[in-house]
Structures are given as structure tokens and as C-alpha cells.
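Quick notes on the structure that follows.
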Amino acid sequence: MTSATVNDILSIFFALCGIFFMFVGAVGIVRFPDAYNRLHAASKCSTLGVMGLALAAIFHVGALAVTTKALMTILFALVAAPVGSHMLAKAAHLDGLKPWDRQLSDELTQDKERQAGKSSANAPRGMAAPSQPRPARRDPGSDPTARISAVV
Amino acid sequence: MMRPFLLNLLLTIVYVFLTADTSTPNVLMGFGIGFLVISLAGLTTPGPSYPGKVWRLLRFGVYFVKILVQANLKIAWECITPGLSQTPRIIRHDVSDLTDGQLTVLANSITLTPGTLVVDVSDDHKWLYVHCMYAQERAAAVADLRALHERLRKEVFE
Amino acid sequence: MNLLGGMMMMLAEGAGAARAPQEFSPLRPLLFQILEFGAIMSILGMMLCLYRMVRGPHLADRVLSGDTISWQVVGLVILLTVRMESTIYLDAALVVAIIGFASTLAFAQYIGNPRRQANP
């Protein structure tokens, strides 16, 4: 058994793993019930799929340029996929995504509501806020009416 | 942990440039020489030694790949079998003993472990909100998170 | 000066780096068939993601399916690298990965923007 055969066996194994997990991630995105569960499938499966394919490239080609770039791709996948899914989940929760019917509890919503209640109880001046038609903007500088009212 | 390792990589690059040979054995040779130099230099300073740190990091890497494969097999099993068996929950997890960089590492590894996904961090960086896929009992899910947290703190952060 | 000389030599070699032909292995045709199968499966996965992108009840569903499509494109380019045994295609894979990550972050910022919720 020559070294080329061993390399080919390894790269066949890793390529099959990568292809399988990539496809499973896509199926999970179609099948799972709500956006949080879909994010599970998206982040984990694409990371492991890209890892497997990059390892197949390393074992088949074997030049130092390919090895370095493939390792960089793996590192980037390990960092970028979880960060992207975290940002998406945070944004979806902020946007009020309706969770699945069978979700048992949501402590993030509880804590947000408790904090909102506490801040309005601590600061009674906040009672003026609901009378305004729109919630307060983050930076008054970009809103011309807010700047005028601040000046007046 | 990070600084001696970056120094090791720098020594490797210097060795490769000095010998002008980019074959894989030569790069590994440069890495080994840098490893030896840093280990010997670390003998004079107190604190945990460099080879011990690298060994613990390697052990964590093997464990991490194992749980990453486990997570993917779980999702594959959920996709193949008909019907949905998830019992999701969003639970909070106490991270007030970590710095911001350690919190990032912990959040990334929580997202890549089976059945958990980080949703949000509280504004004062004390609580992590984690979406668990299989959390019929809350206590079991919290214990899993706590075990990963302890393992990461012992083997990577010291 | 030896350091600089080594660096220059490596750069000169790297510019014209060509792949040396590998020795024969009986498994090579099987590997190439698996790569074609992988390309077909990757395209099927992209079609499934497109279905979710059209159907998705929430904006986050559409964005995450787009993210997954970008990772599938990265996988496809890596398959092309293995097939062509060339060193240059992996650059394209890295670029696609970075662009997909940046676009996901931009869309996440857009979804979570409080100004969008104030006047939809």
C-alpha cells in the first residue's frame, strides 16, 4: 500500500463526512420548527461540513499552500459560524420572533420584562414616554425633530 | 496561554525563513525547536509550564472535536427519524467569573456543543441566555452547561 | 541577511509554485466519483435552503438560509480544489466565507435595529 493510496482513503473518508453533514444541515433547516432550532442545524452542520471537506483537500493535495489555506478556512469556520448564529438569534429575539408552541420556558423574556418593570418603577418620570406616539430614538442627533425639541 | 504559543509560531516562521525550505517536515522541525526553546526558558519562571498547558489544550481540543461530532450526529438523527422530539427552553447561565475574551470562547464552544445555542448576553455580561434543544428537565441542561464551563476554565483559562 | 535572502527565495518559489504529479493510486477514480456526488448533494442542499428562503415565516429564517447557502458554496469550491488539485481555488473559498459572514452580520444588525421596529 503506497502513501498515495493511504492519502486517498483518508480524503475519501473526510469528503464523505463533509458531504453528509452539509446535506444534513440543509435538511434540518427545512424540517425544524422555528428559527432557533434551525440555527442549531445551520451553525453546527456547516462548521463540521467545511472542516471535513478542508481536511479532504489537505490529504489529497498536500502542498503547504493548500494546507495553510485549508487550516485558515477551518479556523474561520470555527469562529464565524457560532458568532453569526449568535447575532441572528439575538436579533430574532429582539424582533419578537414567535417561538415554537412546544417551547417549555423562556427566561430571557422574563428577565427583559422584569428589567423593564424595574426601570419604570425606579424612574417615575418615565411615565411621560408612553404618551409619545413613537418610542424614543437611540441618538437624538440623527433625528431633526428631537434635536429641535432638545434645543427648545 | 496565547502569548507563548504565538512566540512559538514566530520562532517557527523565523526558522523556515532562515532555512528557505517550506516542506512539511522542515516546518514541523522549526515548530519542535521553538517548543523546546520556550519550554526550557519557562523553567526559570514560576507558574504552570508551557508543555503542560499545551497538553491540556490538546486534550480539550480532542474533547471538543468529539462533542462537535456528537452534536452533528444528534441533528442528523433528528432529521432522519420522522416526527419532532425537541423540548426547547431558553435558560440563563451564570458567567460572572469570566472576562470578555473568555466569555467569547465559552459562547462559541457552547454553540458548537450538542443541543445548545447562545441567544443573548445580558448588558452587564453576567448572564448568558442559552437555547437548549433537549431540556425536559431544567436541572440536567444546567448541569451540562456547568460541566462544560468548569472543563473550559480548568483546561484552557487556568 | 540570511533571513531576508530566505524570504526572497520563498516568495520567488511561491509565485511559480506548480503541483508535482502524484504517483498512481487505484482509488483515484472512486474519489473523483465521490466528488461529483458531493457537488450534486451540495446543489440539492442549496435548493432546500432556497425553499426555506422563499417559505420562511420570519426574516431571520431567510437570513440563516442565505448564510447556509454561502457555507455550501464554500464547500463546493473546496470540492473543486480537490478535483483540480490546484492551490488557487482555496482563496476563493476564503473570500466567499468572509463575504457570507459579513452579510450575515449586516442582516442581523438590520433585523435587530429598534428603528425598524418603530415604523415597519
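The values are calculated or read from the model by the stated rules, or taken from the named source; none is laboratory data. Small disclaimer: the values here were computed from a predicted structure and weren't measured. Positions of Cβ are backbone-derived with ideal geometry, glycine not excepted, and every protein chain shown enters the neighbour counts.
So which of B:Gly30, B:Gly101, B:Gly83 ends up being under 25 Å from the mean Cα position of the chain (by Cα) and small (Gly, Ala, Ser)? The match here is B:Gly101. Considering B:Ile75, B:Ile80, the condition of being surrounded by 17 or more Cβ atoms within 10 Å (Cβ to Cβ) and closer than 29 Å to A:Pro33 by Cβ is satisfied by B:Ile75 alone. The residue pairs whose first member lies in region B:99-121 and is free of Cβ contacts under 8 Å to residues at least 12 places away in the same chain, whose second member is assigned to a helix (DSSP H, G or I) and not small (Gly, Ala, Ser), and whose beta carbons are closer than 6 Å, counting only pairs six or more residues apart or on different chains, are B:Asn108/A:Pro82; B:Thr111/A:Pro82; B:Asp120/A:Lys90; B:Asp120/A:Leu108.
Okay, residues lined up against (1) farther than 27 Å from B:Phe64 by Cα; (2) among the small types (Gly, Ala, Ser); (3) at pLDDT below 80:
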| position | (1), (2), (3) |
| --- | --- |
| A:Ala65 | no, yes, no |
| A:Lys69 | no, no, no |
| A:Pro82 | no, no, no |
| A:Thr109 | yes, no, yes |
| A:Glu113 | yes, no, no |
| A:Ala123 | yes, yes, yes |
| A:Ser131 | yes, yes, yes |
| A:Pro135 | yes, no, yes |
| A:Asp143 | yes, no, yes |
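In region B:78-89, the count of residues that are within 14 Å of chain C (Cβ to nearest Cβ) and closer than 30 Å to A:Trp100 by Cβ is one or more.
Out of the residues in region A:44-100 that are within 7 Å of another protein chain (Cβ to nearest Cβ) and not in a helix (DSSP H, G or I), which is farthest from the chain's Cα centre (by Cα)? This residue is A:Ala63. Screening region C:81-120 for residues that are over 23 Å from A:Ala35 (Cβ atoms) and of a type in the set (Ser, Thr, Tyr) and picking the one that is surrounded by the most Cβ atoms within 10 Å (Cβ to Cβ) gives C:Thr81. Looking at region B:52-64, is at least one residue among the β-branched types (Val, Ile, Thr), closer than 30 Å to A:Tyr36 by Cβ, more than 14 Å from chain C (Cβ to nearest Cβ) and without any contact (Cβ under 8 Å) to a residue 60 or more places away in the chain? Yes, there is a match, as at least one residue in region B:52-64 is among the β-branched types (Val, Ile, Thr), closer than 30 Å to A:Tyr36 by Cβ, more than 14 Å from chain C (Cβ to nearest Cβ) and without any contact (Cβ under 8 Å) to a residue 60 or more places away in the chain.
Restricting to region A:10-40, name every residue that is facing another protein chain (nearest Cβ under 7 Å) and among the charged types (D, E, K, R).
Within region A:10-40, A:Arg31, A:Arg38 meet the criteria.
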